[in-house]
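A short write-up of the structure that comes next.
Each value in this text was obtained by applying a stated rule to the coordinates, not by laboratory testing. Quick caveat: nothing in here was measured; it's all calculated off a predicted structure. Don't worry about glycine lacking a Cβ; one is built from the backbone with ideal geometry, like all the others, and counts go over all protein chains shown.
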Amino acid sequence: MEEKDGLKTVKCRAFDAIPWLRYGFSTRHGGVSLGECASLSFSYQKEAEELVDENFRRFCNANAMPFESLVLTHQTHTANVAIVNNSHRNRGRDRTLRETDGVVTAAEDLGLVCFTADCVPLLLVDPQAKVIAAVHAGWRGTVQSIAANAVKAMVQAGADPKNILAAIGPSIGPCHFEVGQEVAAEFAARFGEKLPLKEHRADHFMVDLWLANRLVLLEAGVPNDRIFTANICTYCNNFDFYSHRYTNGRRGSLIAAIAMEGDV
């Protein structure tokens, strides 16, 4: 956890070793949001635009990212990944990237953003090819291998899976992600014995989304020792992170963001 100007951000040491990389996983501290969204929320659907803009500016200033060139997506729990470029600069609120839960770019000074509040945020970078990605992996996207789709898109942009670093950010942990039989059956069909499902109570099972996304990344060719997990459960740590399940939907939104600084 890194704190700057009262704003806390979750960091990954392996990413910090890349001098031109700008990134971070937000917490709920250091912003201007009010009420159930207090205080660093990024949901334009729940608050006035000027409040959310100010939160984005504070996050970008604390993490040396380009506020004016952020790319936002309209997430709908798909496995769709888009490759974006400078034509997408400062776009997203106009809904140009609809039904898109992952974004990839090889463009410098372009900030990629995904939104979460229990779902898994993934940030990826190939430091040799200079290709990055931001991915929102809900349970549907996880089962449908959105992380692998992001790796494939990165390869199209010039990356090599064996060179990719992946960070699995704060999200609901295996201690609190409980699902019913139908959802459990989808995970069982997708991952088999590689992803043990723990029966918590009658017809309800606990699922490890962190492990599930690691398995998808491994299948896509990312080495295990290049995948890093924050191991922070948003439900357990609801004071520091928004949790949809803990608050029954009365919450703000977190972000994971990543950019490459040019001319470094």
If you average the C-alpha positions of the range 143-165 and of the range 70-130 separately, how far apart do those two centres end up, in angstrom?
13
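My understanding is that a pair violates if its Cα-Cα distance is over 25 Å; which of LYS130/LYS162; LYS162/LYS194; LYS11/LYS130; LYS8/LYS46; LYS162/LYS198 do that in this structure?
Working: LYS130/LYS162 14 Å; LYS162/LYS194 21 Å; LYS11/LYS130 19 Å; LYS8/LYS46 22 Å; LYS162/LYS198 32 Å.
Violating the 25 Å Cα-Cα cut-off are LYS162/LYS198.
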Ranking ASN237, ALA79, HIS176 by how far each Cα lies towards the positive end of the charge dipole of the range 2-260 (+1 on Lys and Arg Cβ, -1 on Asp and Glu Cβ), the top one is ALA79
Label-point gap, in nm, between HIS204 and GLN128 - each point 7 angstrom along Cα→Cβ:
4.7
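Most exposed first by the Cβ proxy, i.e. fewest other Cβ within 10 Å, how do VAL120, VAL216 rank?
On the way: VAL120 29, VAL216 25.
Going from sparsest to densest Cβ surroundings: VAL216, VAL120.
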Give the list, by residue number, of cysteines in the chain with no other Cys Cβ closer than 4.7 Å, or say none.
CYS12, CYS37, CYS60, CYS114, CYS119, CYS175
Excluding ASN163 itself, calculate the net charge of residues whose Cβ lies under 15 Å from the Cβ of ASN163, where each Lys or Arg counts +1 and each Asp or Glu counts -1.
+1
Label ASN85 and ARG140 with points 7 Å out from Cα along Cα→Cβ: what is the distance between them in nm?
3.1
Starting from the Cα coordinates of the range 119-217, work out the convex hull volume and express it per residue in Å³.
80
Ranked on Cβ counts within 10 Å of their own Cβ, fewest leading, TYR246, TYR235 go TYR235, TYR246
For ASP5 and ASN231 in one chain, what is 0.36 nm times their gap in residues minus the Cα-Cα distance, to one decimal in nm?
78.9 nm
Net dipole in debye of the range 2-260 [+1 Lys, Arg Cβ; -1 Asp, Glu Cβ; about Cα centre; nearest 20]
140
Please build a GNM for the chain, connecting alpha carbons under 10 Å apart, and tell me which residue among MET206, MET154, MET65 fluctuates the most.
MET206
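Between GLU50 and ILE18, what is 0.36 nm times their sequence separation minus the Cα-Cα distance? Round to one decimal in nm. Before the final figure, lay out the partial values.
Details: separation 32, 0.36 × 32 = 11.52 nm, distance 3.25 nm.
Full extension from GLU50 to ILE18 adds 8.3 nm.
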I want to check the label-to-label distance for GLN181 and GLN156. Put each point 7 Å from Cα in the C-beta direction and report it in nm to one decimal.
3.9
